[in-house]
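First the structure, in the form of structure tokens, and then the observations on it.
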Protein chains: 2
Amino acid sequence: MTTFRKFTQMPRKFKNARIIGIDPGYDRLGVAVIEKSLNENKVIFSDCLISNRKETLAERITYLGEEISKIIKKYKPTVLAIEKIFFNENQKTALAVAELRGAIVYEGAKNGVKIFEYTPLEIKVAVTGYGRADKKQMISLIPRLVKLPNKPKRLDDEFDAIATAITCLAREKLSYPHH
Amino acid sequence: MTTFRKFTQMPRKFKNARIIGIDPGYDRLGVAVIEKSLNENKVIFSDCLISNRKETLAERITYLGEEISKIIKKYKPTVLAIEKIFFNENQKTALAVAELRGAIVYEGAKNGVKIFEYTPLEIKVAVTGYGRADKKQMISLIPRLVKLPNKPKRLDDEFDAIATAITCLAREKLSYPHH
């Protein structure tokens with residue numbers, strides 16, 4: 001009877017967790033989707049979205065938010081990881097990036113995606129194990145952490161988005177919801 | 001023939017322009033809808049939305065954004081007027097308000113609403129004609145500028161939202177789209 005049960009019991013089916021990572025910028029926005037399975041972590045999508053400089057900030061935010069919305073609907077991530085803003089000298093830029101972040105976090109939350117936010121330092125440490133690594137060092141380590149499909153060229157913004165998603169993989173316990 | 005034409009020509013039907021005014025705050029958000037008709041300007045809705053302090057900023061922004069979305073869908077404004085952020089000493093608060101603003105502007109733009117933004121000074125001048133008026137003076141002048149339906153109590157945030165919409169009425173040429 002026990003044996004019978006054992007064989008009729010279906011193995012649990014796990015859906016792979018997907019993380020969308022975002023490096024927010026209203027000129028160039030890096031976005032990447034990583035799929036975490038039991039065997040490997042793989043970048044299944046990455047891009048750098050470029051907004052039209054001739055448009056108003058509100059228009060550019062709307063364009064970028066709607067593009068992110070399409071990516072969320074297509075790849076159905078359960079988690080969104082986004083870089084936190086740290087204050088730099090240009091307060092106007094910081095506020096504009098904050099507005100963009102707000103629109104993206106809102107779009108994610110409305111789609112039922114859980115939001116995680118990381119500082120640039122947290123991302124650096126998660127990827128390189130070292131808080132003072134430069135961008136080159138960070139980028140060189142990424143292919144050791146996730147499987148990257150062949151792509152002729154990736155912009156820095158894309159790597160930053162991948163690094164943000166990797167940080168989420170490293171720091172959070174991501175559940176595998178079943179089908 | 002000319003006379004005949006004159007009589008068969010239908011008079012143009014004008015839809016009244018509606019402006020949604022927003023005083024953005026993630027603790028308390030003031031919102032008001034003003035209807036501009038040929039004869040008068042009338043507040044047809046105003047409220048102060050209060051978010052749950054126990055929730056994360058992302059959750060609060062999502063709650064407020066979705067409430068604004070419902071108000072836009074119900075009252076169908078063609079224009080959204082929102083207060084601009086000016087930098088105060090608390091940079092963390094300024095960034096959080098910027099995120100909220102971004103979510104609201106995004107929600108408005110996605111619904112085809114045109115966005116206008118005003119500084120606190122511009123709003124003060126539009127309502128009182130004087131840049132150094134205090135809040136009490138501003139509130140006392142509002143009933144002279146728009147018809148206010150009876151309501152037991154209005155919070156300051158609501159008056160600020162009404163003042164923001166009044167600024168838009170005063171400064172922009174609002175078209176009357178026909179039916």
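The values are calculated or read from the model by the stated rules, or taken from the named source; none is laboratory data. Everything numeric here is computed off the predicted structure, so don't read it as measured data. All Cβ positions, glycine included, derive from the backbone under ideal geometry; neighbour counts span all protein chains shown.
A few points about this structure:
- Test result for A:ARG154, modelled with pLDDT of 90 or more and within 9 Å of chain B (Cβ to nearest Cβ): no
- If you filter region B:34-52 down to residues that are in contact (Cβ under 8 Å) with a residue 60 or more places away in the chain and under 19 Å from B:LEU100 (Cβ atoms), you find that the one that is nearest to the chain's Cα centre (by Cα) is B:SER46.
- Residue in region B:3-16 that is at pLDDT 95 or above, over 15 Å from B:ILE162 (Cα atoms) and not aliphatic (A, V, I, L, M) present: no
- When the helices (runs of 4 or more DSSP H) confined to region B:43-151 are screened for residues that are within 14 Å of another protein chain (Cβ to nearest Cβ) and closer than 30 Å to B:ASN16 by Cα, those reaching at least 2 such residues are found at B:57-75, B:91-110.
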